[in-house]
Amino acid sequence: MSDYLPVEVILEILKRLPVKSLVKCRSVCKTWNRLISHPSFISTHLQASLSRPPADTPFLLLRCLKNGRENYFLHYDNDGFDEFKQLQFPVFGCVSYSVVVGSCNGLICLSFLPHDVLNFVFWNPSIRKYVSLPQPSICCHSHDVHLNFGFGFDSRTNDYKLLVVGVERGDNLIQPYLFSLNENCWKRVVAVSPNYAVEAEISSTFVNGAVHWLGYQRRNNGGFSNTILGFDLSDEEFFEISLPESLIGLCPMDLSTMKYGKSSIAVLKRDWEDGELLELWVMKEYGVVESWAKVLTLHMVDQSGWFPRVLGFRNNGEVLLQVDDGEMASLDLNCQQIEPHGVEVGAGLLSVGSYVESLALLDKAVDVCSNWTPRNHANIWAIGYVCLFDKEQNFHSLFSPSCTAFFTFS
């Protein structure tokens with residue numbers, strides 16, 4: 001086909017294909033393999049996927065724990081939450097359970113803590129590949145130190161980065177470490193961090209090129225002073241975003257951050273005094289303190305004995321909930337009505353987040369190991385060849401039935 005079409009036209013066609021098709025298209029010829037595996041095309045394909053209307057890429061990533069094992073599912077973000085497919089979760093060594101640090105551009109960052117050693121993996125389930133990170137030179141299990149992690153994408157250098165923040169007893173932030181996938185190494189962050197601590201083992205929120213946590217200071221009177229503590233992955237600097245006045249003095253354990261829309265943040269408040277109370281605040285314009293707005297207030301008495309769990313925001317702006325220990329529901333912020341969808345996800349639901357399939361890691365030298373049954377996959381192409389793939393859908397060879405010959409690509 002490359003004899004009849006310019007490379008530019010081929011690239012325009014390829015960038016519109018889904019990930020699964022592109023992985024297979026690498027076997028058509030060496031030229032296509034080089035084009036699809038090139039970092040510039042991987043980036044172009046991702047941007048094309050992200051620029052489509054939300055209705056065209058309505059994926060939600062569900063992480064569940066069932067029978068002691070992790071399960072990952074992609075669901076459509078529609079009224080029925082129909083399942084798109086289950087993702088094959090590899091067995092990383094002898095570890096069957098992990099902690100999700102974050103998800104960005106189709107990559108999932110996982111943390112494992114066996115034998116008092118920090119282990120991290122960047123995993124792309126769409127292409128069934130992962131890369132194991134070198135271990136950072138930081139103490140991961142000390143009675144005086146607890147750790148928090150932030151994962152995201154540096155669009156300036158087209159790089160995926162992981163930040164490790166340690167907090168000493170006495171709520172002092174110690175010098176963080178930053179991992180760069182492009183450089184495949186850790187380094188100390190030289191930027192001075194604000195004098196705020198971060199609660200142990202809370203998840204970060206990646207928005208606008210920065211990871212965010214709920215930061216706090218202890219006051220002399222025993223109270224707290226809270227803020228949003230951010231770290232810009234491009235500039236590699238810390239910054240602060242002020243909270244609404246009513247949230248600044250609360251116990252930080254009652255607050256958590258989440259992503260709002262495509263480019264801003266939200267704060268969830270849960271108060272257990274005098275019956276459970278839930279408030280949801282959103283920053284309608286990122287970085288503008290005056291744009292904070294309370295969009296939701298729920299009381300336990302309002303919900304006839306059960307209380308919803310806030311999972312995040314849908315593409316249409318509605319709040320995604322888990323009710324009755326397992327049923328998915330949506331809350332329309334305009335009419336403040338909860339609508340259950342009759343889809344049971346079970347009490348083992350650990351997290352839900354937006355997801356886009358991508359080719360990230362396709363150009364990296366990665367280790368591939370899984371518990372999938374080894375087998376060859378054959379796909380018939382219109383050009384008259386059978387494309388053989390290995391168990392990870394990597395191209396193996398071409399077979400021509402007409403001349404009974406194999407053509408193997410390196």
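With a 10 Å Cβ neighbour count serving as the proxy for reagent exposure, in which order, fewest first, do ASP235, ASP77 appear?
ASP235, ASP77
For a quick check: sort LEU74, LEU361, LEU65 by the number of other beta carbons within 10 angstrom, fewest at the front.
LEU65, LEU74, LEU361
According to the Kirkwood expression over distinct Cα-Cα pairs, how big is the hydrodynamic radius of the range 131-243, in Å?
Answer for the range 131-243: a Kirkwood hydrodynamic radius of 14.5 Å.
Among the listed pairs LYS15/LYS364; LYS187/LYS364; LYS161/LYS269; LYS20/LYS284, which are separated by more than 25 Å between their Cα atoms?
Long pairs (Cα-Cα over 25 Å): LYS161/LYS269; LYS20/LYS284.
With a point put 7 Å past each Cα toward its Cβ, work out how far THR44 is from GLU183 in nm, to one decimal.
Reported label-point gap for THR44 and GLU183 is 2.9 nm.
Apply the Karplus parameterisation 6.51 cos²θ - 1.76 cosθ + 1.60, with θ equal to phi minus 60°, to every residue of the range 217-226 and state each ³J(HN,Hα) to the nearest whole Hz, in sequence, with x for glycine and proline.
Each residue of the range 217-226 in turn: 10, 8, 8, 5, 7, x, x, 10, 10, 9 Hz.
Listing HIS75, HIS146, HIS299, HIS45 from the residue with the fewest other Cβ atoms within 10 Å to the one with the most, what is the order?
HIS299, HIS146, HIS75, HIS45
Values in this text are rule-based calculations from the coordinates and carry no lab data. Keep in mind that what you see is a predicted model, and the values were worked out from it rather than measured. Virtual Cβ from ideal backbone geometry, glycine too; neighbours counted across all protein chains shown.
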